[in-house]
1. If I ask for residues that are among the polar types (S, T, N, Q), open to solvent by 20 Å² or more (accessible area, probe 1.4 Å) and within 21 Å of the chain's Cα centre (by Cα), which ones from region 235-274 would you list?
2. Starting from residues that are of a type outside the set (Gly, Ala, Ser) and over 13 Å from the mean Cα position of the chain (by Cα), keep the ones in region 163-181 and report whichever is surrounded by the fewest Cβ atoms within 10 Å (Cβ to Cβ).
3. Looking at region 91-124 only, could you name the residues that are under 23 Å from the mean Cα position of the chain (by Cα) and aromatic (Phe, Trp, Tyr)?
4. From the list ALA407, ALA387, ALA398, ALA417, pick out the single residue that is crowded, with 24+ Cβ neighbours inside 10 Å, among the small types (Gly, Ala, Ser), out of contact with any Asp or Glu (no Cβ under 6 Å at 6 or more places or on another chain) and more than 22 Å from ALA514 (Cα to Cα).
5. Got a sec? Which helices (runs of 4 or more DSSP H) wholly within region 479-577 have at least 1 residues that are within 19 Å of the chain's Cα centre (by Cα) and at pLDDT 90 or above?
6. Would you pick out the residues in region 320-335 that are under 27 Å from the mean Cα position of the chain (by Cα) and not hydrophobic (A, V, I, L, M, F, W, C)?
7. Out of everything in region 32-90 that is under 29 Å from LEU406 (Cα atoms) and of a type in the set (Val, Ile, Thr), what residue ends up being nearest to the chain's Cα centre (by Cα)?
8. Determine whether GLY62 is on the phi > 0 side of the Ramachandran plot and not polar (S, T, N, Q).
Amino acid sequence: MSSGDAPVREGPFSRDAGDGLARRRSVEGAVLRALLAAALLVLTLILLLPLASLLAQSVLDGHGRFVGLAHFAAYFSTGRWSALWHSVTLSAVSAVVCVVLAYGYAWALTHTALPARALWRALALLPLLAPSLLAAIGLVYAFGNQGLLKAAMQAVGVDSIYGPAGIVLGSVLWTFPHAMLILVTTLSASDARTLEAARCLGANGWRVFRTVTLPASRYGLLISLVVVFVLVLTDFGVPKVVGGQTPMLATDIYKEVVGQQRLDRGAVVALLLLLPALGAFAVEQRLRARQRAVLSLRAVPHRPTPHRPRDLAALLYCGVVAAALVGVFGIAVYASFAQYWPYQLAPTLSHYQFDMSDGGGWASYWNSLRMAAWTAALGAALSFLVAWLVDKPRGHRAARGLLNALATLPMAVPGLALGLGYILFFNAPWNPLRGWYGGLGLLVLCTVAHYYSVAHLTQLGALRQLDAEYERVAESLGLPFWTHLRRVHLPIAVPTLVQVAGYFFVSALTTVSAVVFLYSPDTALAAVAVLAMDDAGDTAPAAAMATLLFATAALGRGVIGLIGHVLVQRTQRWRAR
C-alpha cells in the first residue's frame, strides 16, 4: 500500500447490511426446506402410503404374515383369467376404434376449411362434462331391451347391447374427446413447408396425407392409443351398466370388495389393473419425449385453404360423428324427462325426485357439489405450489426431483386401485388418521390425488414458459422468494390456475372409480348414486341424476371461467401494453 492510500474501513452500516442479507437468506433457505418437506409429506400421505398398503394387502394374510403370491393363485384358481383377457382385449379394441374416429375428426378440424369449426369442436368435447355412466345409460335407452334402435342393432348382427359390444361402444363415446384433443394438438403442429413441398412435387391429397401428414403424427396417434387404452381399462361405469355378464377387472374389484368383503382379492385385482397401467404410462412418457423432439423442429403452422369436395366430406364426417355423440347423450337426457320410456314420452320432472329412489337422494348431489368446490380449490392451490417448488427454487435438486416423480405418479394409478388403497391405509386400526375415513375431507383428498398429475403437468408447463430473468432481477433487488412468488409468479399463473380449478371441479363431479369405496351414508355422492339407482332398476332417475351432473359441470365450468376472466382482467393488463 502506498503512503498516499488511506485504509478502507468497513462501516457499521455495510456490516449490518451484510449481516441482514445473510440472515434473510438463512430464513429463506429454512422456509424453502420446510415447504419442500411439507409437500413431500402431503404427496406421500395421499399417494405413496395408500399404494404401499395396497401392495402389502396383496401379499399378507389377515394376521400380517407374508404369504407371497397365494392370494393371486387363489384368485386365478376360480377361473378369473377371462376378466384379465376381456379387460385387455376390449380396451385395445375400444382404443383402436376411438382413435381412428378421433383422428378423422381432428384432421377435419385442422387440415380442412371446415365451416363452424368452433361448434364442431365444442360438440366433440361434450362428453368431458358428463360421467361415463351417462353414455352407458344412453346406450341402454337407444339399444337396450326397450331401445329405439334395438331392431337396427340386431339387423347388423349384434343381439344385445349388454356385453362386449356395449362396453366398446360406451367406452368409445366417453373417451372420444380425450383422443381428439391429443390428435388436434399433434395435427395443429404440422409444418406447412413439408406439405407445400409435397404438393409442388406433384403429390395429390391422398398421397400427401399418406406420406407426410400421417407419418408426422405417428407419435400423437400412439400416445392417444395408450391414453384411451388406460382410460377404458380402468373405467368402472360403462362395464357396470352395459357389461352384462362379461367379466372385467374393474367390476371384479367392486364385487370382491363390496359384494364379498374380500379386501385381499380386491388388492390382487387392483394390482392386476395397476401393472398394465404402469406399463402404458412408461410407454406414453417415452412417446411424448420423442414427440417433443420432433415438434421442436417445426416452425411454420399449416393454414388450410378452401377445397370444396374435401371440405364437404369433412363436414359430412364431423356431422355424422357429432350426431352419434350428441344423439346417445341426448337420448339419455330426454329419457330423464319422459314419463315412461318409450311408451309415454310426455315431459315430467318426477324422475328428479331423488329422495324417492336409492342412492342418497338430493343430499348426494349437494355432497358432490361441496366436494367438487373443495377439490377445485385445494387441487389448484396444491398443484401450483408443488409445480413452483419443482421448477423455480435453486438447489435441493434431489428433493425437487423426488417431488416431481411423486406428482406424476397418479397418472399411472387406476382410480379403483387408489380408492382401495385409501381403505386399507386410512381405515387401518393402527392409523391415527382413521377418523377421516368416510368423511368428505378424505373424498376430497382422494379425488385430488386421482387427478393430480394432469394438473401438475399443466402448472409446470405454464411456469416453465416464464423467462428466468424474472428470478435474476428479483435476486438482484434482494427480494425474498415469497414476495416474488406473490407479485410475479402467482398473477402470471392466474389463467392456468383457473383452468386447473375447472378441471378439478368437473372431474370431482363426475368421478366414480376413485370414491366408490370411500363414502359413508352421510357422504354419498351423486355419481355413485347413479350406480345405485341403475342397480335398483331405476334407470330414469339414474339418467336424471347423470343429466343434472352434466348440467352442473357445464354451469360450474362457465362460472369458474367467468371468475377467471375477471381475475385475468385485473392481473394481466400489462400483457396488453
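1. none
2. Let us first name the residues in region 163-181 that are of a type outside the set (Gly, Ala, Ser), namely 164, 167-169, 172-178, 180-181.
Then keep just the ones that are over 13 Å from the mean Cα position of the chain (by Cα); that gives 164, 167-169, 172-173, 176, 180.
On the way: PRO164: 20, ILE167: 29, VAL168: 22, LEU169: 24, VAL172: 26, LEU173: 24, PHE176: 26, MET180: 25.
Filtering region 163-181 for residues that are of a type outside the set (Gly, Ala, Ser) and over 13 Å from the mean Cα position of the chain (by Cα), the one surrounded by the fewest Cβ atoms within 10 Å (Cβ to Cβ) comes out as PRO164.
3. TYR103, TYR105, TRP120
4. Working: ALA407 fails: more than 22 Å from ALA514 (Cα to Cα); ALA398 fails: crowded, with 24+ Cβ neighbours inside 10 Å; ALA417 fails: more than 22 Å from ALA514 (Cα to Cα).
Answer to the check: ALA387.
5. Where helices (runs of 4 or more DSSP H) fall fully within region 479-577 and carry at least 1 residues being within 19 Å of the chain's Cα centre (by Cα) and at pLDDT 90 or above, they are 494-510, 526-535, 539-571.
6. Result: GLY327, GLY330.
7. Per the criteria, the residue is ILE46.
8. Values: on the phi > 0 side of the Ramachandran plot: no; not polar (S, T, N, Q): yes.
It is false that GLY62 is on the phi > 0 side of the Ramachandran plot and not polar (S, T, N, Q).
The values are calculated or read from the model by the stated rules, or taken from the named source; none is laboratory data. All figures in this text were calculated on a predicted structure; none of them were measured in a lab. In this analysis, Cβ positions are derived from the backbone assuming ideal geometry, glycine residues included, and neighbour counts consider all displayed protein chains. When the accessible area is computed, the model is the full protein with side chains, heavy atoms only, and any ligands, DNA or RNA have been set aside. Shrake-Rupley method; radii C 1.70, N 1.55, O 1.52, S 1.80 Å.
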